[in-house]
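Notes for the one structure printed next.
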Amino acid sequence: MCHGKKMTINWVLPDTKQQARMTLENSVITHAMGKQSPDADATITLNRSTLDAITMRQKTFAQAAADGSLKIAGNGAKLTELLA
């Protein structure tokens with residue numbers, strides 16, 4: 001995980017018109033709903049149903065990316081780093 005470094009990921013759920021900015025810094029995650037960072041390391045776009053399936057362990061992030069239901073712009077390795 002990211003120790004001592006800052007990581008910012010934007011989340012976009014187009015079907016529900018929700019956005020969030022998540023920041024990991026010094027092993028602490030904070031988030032802000034309705035906010036995006038113009039200099040985010042990555043932007044993750046997925047529908048709410050895909051996020052729900054991932055949360056319920058019916059699908060993984062990798063499976064969602066492979067089937068096209070999750071799109072990553074920017075540095076996709078940051079999502080992997082976050083989940084490690």
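The values are calculated or read from the model by the stated rules, or taken from the named source; none is laboratory data. Worth saying up front: this structure is predicted, and the values here are computed from it rather than measured. Glycine also receives a Cβ, built like all others from the backbone with ideal geometry; neighbour counts cover every protein chain displayed. All accessible areas refer to the heavy atoms of the entire protein, side chains included, with ligands and DNA or RNA removed. Shrake-Rupley method; radii C 1.70, N 1.55, O 1.52, S 1.80 Å.
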Single residue of Gln19, Gln58 found to be open to solvent by 50 Å² or more (accessible area, probe 1.4 Å), assigned to a strand (DSSP E or B) and modelled with pLDDT of 95 or more:
Gln19
Restricting the search to segment 37-55, which residues are in a loop (DSSP other than H, G, I, E, B) and under 22 Å from Gly68 (Cα atoms)?
Ala40, Asp41, Asn47
Being touching a residue at least 24 places away in the same chain (Cβ under 8 Å), open to solvent by less than 80 Å² (accessible area, probe 1.4 Å) and among the small types (Gly, Ala, Ser) narrows it down to one residue among Ala42, Ala65, Ala53, Ala84; which is it?
Ala42
Considering (1) modelled with pLDDT under 95; (2) crowded, with 17+ Cβ neighbours inside 10 Å; (3) assigned to a strand (DSSP E or B), say which one Ile29 fails and leave the rest.
(2)
When you scan segment 9-26, how many residues do you find that are more than 17 Å from Leu79 (Cβ to Cβ), over 13 Å from the mean Cα position of the chain (by Cα) and touching a residue at least 12 places away in the same chain (Cβ under 8 Å)?
4
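Do we find that Lys78 is in contact with an Asp or Glu (Cβ under 7 Å, 6 or more places away or on another chain) and surrounded by 15 or more Cβ atoms within 10 Å (Cβ to Cβ) in this structure? So that I can check it myself, show each step before the final result.
Details: in contact with an Asp or Glu (Cβ under 7 Å, 6 or more places away or on another chain): yes; surrounded by 15 or more Cβ atoms within 10 Å (Cβ to Cβ): yes.
Against the criterion (in contact with an Asp or Glu (Cβ under 7 Å, 6 or more places away or on another chain) and surrounded by 15 or more Cβ atoms within 10 Å (Cβ to Cβ)), Lys78 qualifies.
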Scan of segment 58-80 for residues that are farther than 13 Å from Ile44 by Cβ and either of a type in the set (Val, Ile, Thr) or in contact with a strand residue (DSSP E or B) (Cβ under 8 Å, 6 or more places away or on another chain) (or both), ordered by number
Thr60
